[in-house]
Amino acid sequence: MPIVFVHGVAVRHQGDPGWEQVNHATGHLHWEGIEARLRQYAAPILQPQAPEQVQIHEIYWGDLGAYYRLGGRALSSWPDPVSSDLFPADLDPEEVGEVLERQFQQIRSVRQWPQVIESVWSVARDQNLHETVASLAPERQWEFLRSAVQSRLPRPELRELIESPPLPAPIVAEQRRSLRRTLLTVRRPIEDFVPLFLGDVMSYLSGRGTPEAPGEIMRRVIDGLLTARQQGQADEPLIVLTHSMGGQLMYDALTSFLPADPRAAGLRVDFWCACGSQVGVFREMGQFIERQPLPTTALLDSPHAGYFWNVWSYSDFLSFRTEEIIVGAHDTAFPFLGNVRSDHMAYLHDTRFYRALAAKIQVHSGRT
């Protein structure tokens with residue numbers, strides 16, 4: 001009587017690349033916690049006398065997903081480059097221009113940036129100034145160039161000064177730093193999850209393979225299901241819980257990959273719950289291998305698929321409906337509290353969800 005769990009994107013085991021970034025974003029939820037809840041609530045339905053004997057497996061594929069080749073250099077929280085540690089005489093004119101432009105943008109209003117850009121680059125590409133800089137002591141070189149840029153900036157008209165008095169440069173710089181710190185607190189939790197979310201989706205789709213030659217991630221899913229079946233009795237139901245992108249993997253497996261694998265003859269997922277998934281929107285946009293006209297009966301027709309329960313939530317912006325897209329799908333909108341930052345993972349934390357899952361297993365897996 002095995003239970004199989006297939007996780008979604010941006011899930012990593014400790015020690016795998018990306019674990020530091022996603023661990024906080026996923027609410028420090030680990031497989032051990034999910035397994036314990038499945039053992040407590042679902043296992044007694046399958047084997048009331050000995051729930052500890054129910055086999056519970058995770059099909060883990062996070063190590064095959066996307067990872068940062070440079071440790072997350074593209075993220076906003078990465079420190080800015082400190083090119084100004086070098087002196088202008090050590091740089092070529094293009095590098096000098098980039099450093100000066102960044103310096104002036106930090107202290108000038110955005111409305112002045114066009115003039116700043118023009119003045120900076122006229123200075124950076126002035127060969128005469130470059131020769132003068134080379135003759136100066138290193139500690140004077142940047143200040144000399146900043147003065148040259150300042151002298152080439154157009155003076156504001158009196159009307160402009162009256163209508164919009166300029167703030168002192170230190171105040172502008174501090175305002176920008178404060179804004180940066182504030183926005184980083186907003187971006188950080190998003191950047192902990194969304195880039196790896198998108199990267200994992202693309203890793204699967206680009207390396208999915210074909211039913212005759214599955215990609216590495218799909219091979220893990222197929223092998224995990226085959227192992228679960230081998231460890232159970234022939235007349236025992238196979239229960240699958242998927243979260244997020246794990247639902248898309250399971251849909252592809254049930255409708256395309258398992259039917260093409262001779263080893264899977266007789267394998268049937270009697271009850272499948274997809275929580276927080278994008279199965280419906282993926283199918284409506286034609287992102288699965290299966291391409292029947294909509295609404296599709298592919299899941300209903302598959303000899304490997306039983307009851308399909310799709311759990312989504314209005315406050316989980318990464319979850320979607322499936323009914324009227326996939327024939328045989330059954331939707332439930334779970335009423336979380338409305339925390340859009342955490343409700344995508346909330347299913348796997350919430351004991352109410354596991355209790356409802358156990359009740360659904362009881363009435364739809366022949367264990368009544």
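Quick look at the values:
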{"read-out": "For the chain, share of DSSP beta bridges that run antiparallel, in % to the nearest 5", "value": "5 percent"}
{"read-out": "Debye, to nearest 20: dipole size of the chain, +1 on Lys, Arg Cβ, -1 on Asp, Glu Cβ", "value": "740 debye"}
{"read-out": "Karplus (6.51, -1.76, 1.60) ³J(HN,Hα), θ = phi - 60°, over the stretch 107-122, in Hz, Gly and Pro reported as x", "value": "10, 10, 5, 4, 4, 8, 4, x, 5, 4, 4, 4, 5, 4, 6, 5"}
{"read-out": "Tilt relative to the chain, helix 216-231 - C-alpha long axis, 0 to 90 degrees, to 10", "value": "30 degrees"}
{"read-out": "Whether the stretch 1-145 is rounded, prolate or oblate, judged on the alpha carbon gyration tensor where a/c under 1.5 counts as rounded", "value": "prolate"}
{"read-out": "Listed residues 59, 127, 342: farthest to the positive end of the dipole of the chain (Cβ charges)", "value": "342"}
{"read-out": "1.4 Å probe accessible area per residue over the chain, in Å²", "value": "52 Å²"}
{"read-out": "Inverse of mean 1/r across different Cα pairs in the stretch 236-368, Kirkwood, Å", "value": "15.0 Å"}
{"read-out": "Shape call, the stretch 308-368: gyration tensor on alpha carbons, a/c limit 1.5", "value": "oblate"}
{"read-out": "Rounded to the nearest 20 debye, dipole of the stretch 297-343 from Cβ charges on Lys, Arg, Asp, Glu", "value": "140 debye"}
{"read-out": "Relative contact order for the chain, counting Cα pairs under 8 Å that sit 6 or more residues apart, in percent", "value": "20 percent"}
{"read-out": "Accessible surface of residue 308 - all protein chains present, 1.4 Å probe, nearest 10 Å²", "value": "0 Å²"}
{"read-out": "Values of log10 I(q)/I(0), in the order q = 0.09, 0.13 Å⁻¹, for the chain under a Debye, Cα-only, solvent-free model", "value": "-0.64, -0.97"}
{"read-out": "Cα-centred dipole magnitude for the stretch 33-121, charges only on beta-carbon of K, R (+1) and D, E (-1), debye, nearest 20", "value": "580 debye"}
{"read-out": "Efficiency of FRET from Cβ geometry, residue 323 and residue 268, R₀ 25 Å, rounded to 0.05", "value": "0.65"}
{"read-out": "Solvent-accessible surface (1.4 angstrom probe) belonging to residue 220, in square angstrom, nearest 10", "value": "80 Å²"}
{"read-out": "Listed residues 33, 91, 70: farthest to the positive end of the dipole of the chain (Cβ charges)", "value": "33"}
{"read-out": "Net lengthening on full extension, residue 110/residue 135 (0.36 nm per residue, minus Cα-Cα)", "value": "5.6 nm"}
{"read-out": "Within the chain, longest stretch clear of exposed GluC sites (Glu not before Pro) (DSSP loop, no more than 16 other Cβ within 10 Å)", "value": "1-156"}
{"read-out": "Folded to 0 to 90 degrees: helix 351-364 orientation relative to the chain principal axis, Cα", "value": "40 degrees"}
{"read-out": "Ellipticity estimate at 222 nm from DSSP helix runs (n ≥ 4, -39,500 (n - 2.57)) divided over the chain, nearest 500", "value": "-13500 deg cm²/dmol"}
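The values are calculated or read from the model by the stated rules, or taken from the named source; none is laboratory data. Quick caveat, the model's predicted, so the values are computed rather than measured. Every residue, glycine as well, gets a Cβ built from its backbone with ideal geometry; the counts of neighbours run over all protein chains shown. These accessible areas exclude ligands, DNA and RNA; they are computed on the full protein's heavy atoms, side chains included. Shrake-Rupley method; radii C 1.70, N 1.55, O 1.52, S 1.80 Å.
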